[in-house]
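The values are calculated or read from the model by the stated rules, or taken from the named source; none is laboratory data. Just so you know, these numbers come straight off a predicted model, no measurement behind them. In this analysis, Cβ positions are derived from the backbone assuming ideal geometry, glycine residues included, and neighbour counts consider all displayed protein chains. The accessibility values were calculated without ligands, DNA or RNA, using every heavy atom of the protein model including side chains. Shrake-Rupley method; radii C 1.70, N 1.55, O 1.52, S 1.80 Å.
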Amino acid sequence: MKKVFIVICLFLSLSLYAESEHKLYNVPKDFMGTYIPVQLELLVKEYMSYEKALNIIANSHYDILQLREDICYSQVRFSDGYAVKRKDFETWAFVEKAGEKYILDENGASYRKITSDYDSEGYEVYAETILKIIFSDVLENNNIVINGSNVKIYDETYKFNLWPSYVDDFGAICLSGCILKIEGISANIYATEPIGIWESKPKKI
C-alpha cells in the first residue's frame, strides 16, 4: 500500500511539474492567436513549394505558433503537437510593425500573426495563407476559389492538408491525393499527378 502511495505521489509531482513547465504568464492579449513563420512564407514564394520550404525551416523554426492566455502550442511537421516551454517563451519579443503583429522567438526567428483564433480555425487560415501564395498568379482567375484549406478548381473542390506528403522537389503541394506541380517560368500553368488510389485530376488552368 505504501509503494502504491509513493507511485501516486510521484505521478502527481511529475504532472504538476510538466504543467508548470509550460504554463505561461503575462501573455499580451493583443498577441494571442495563430502565427506563421515569416521565413516559411518567403521560401514558399521563392520555390513555389510548401514542402520544400517546410523542410528548410525544420530545425530553425516552430512550424506554427498558437498563443493562448496561458500556453502556446506548436507542431512537428503538423503531426505531433506540443507546448512551448515557459523558459523559452520568456525570452520572446513581441513587435508591432505596419499594423501587423510579430513574435521573435528564443532563436531570433520571426512569426507573423495571421488570425486571432488559436484553435482549428487558425489552421484553416494558415492553410489559406499558403494556398494564396502558391496560386498567387491565378487568383484573379474565376475558375479558382480558395476558402481555408479548400481549393475549388472549376467545379471540383480539393483539400490541402498541412502535414507533409513527401512530394519531390518539383511538387508545390498535395491536394486530395494529387501532387500539384507548377510548369513554366511564369508559374501560371498548373498540372497535377495522382498518387495512391485517387484518380481524379484538377484541370490545367
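Check whether at least one residue in region 115-130 is farther than 15 Å from residue 27 by Cβ, assigned to a strand (DSSP E or B), open to solvent by less than 40 Å² (accessible area, probe 1.4 Å) and at pLDDT 95 or above, and report yes or no.
Yes, that holds for at least one residue.
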Report task. Of the conditions (1) open to solvent by less than 50 Å² (accessible area, probe 1.4 Å); (2) touching a helix residue (DSSP H, G or I) at 6+ places or on another chain (Cβ under 8 Å), residue 147 clears all except one; give me its number. Result -> (1)
Query raised in the report: Within the group 88, 63, which residue is within 15 Å of residue 108 (Cβ to Cβ) and modelled with pLDDT of 95 or more?
Result: 88
Query raised in the report: Quick one: is residue 108 free of Cβ contacts under 8 Å to residues at least 40 places away in the same chain and not in a strand (DSSP E or B)?
Result: yes
Report task. Give me the pairs, please: first residue somewhere in region 59-71 and closer than 19 Å to residue 121 by Cα and free of Cβ contacts under 8 Å to residues at least 60 places away in the same chain, second residue anywhere and open to solvent by less than 30 Å² (accessible area, probe 1.4 Å) and polar (S, T, N, Q), beta-carbon distance under 6 Å, and either six or more positions apart or on two chains. Result -> 62/74; 65/74; 66/34
Query raised in the report: In this structure, does residue 17 turn out to be aromatic (Phe, Trp, Tyr) and at pLDDT below 95?
Result: yes
Query raised in the report: Taking region 82-108, which residues are surrounded by fewer than 12 Cβ atoms within 10 Å (Cβ to Cβ), within 27 Å of residue 20 (Cβ to Cβ) and of a type in the set (A, V, I, L, M)?
Result: 93
Requested in this report: Working only within region 45-81, note down all residues that are open to solvent by less than 80 Å² (accessible area, probe 1.4 Å) and aromatic (Phe, Trp, Tyr).
Outcome: 50, 62, 78
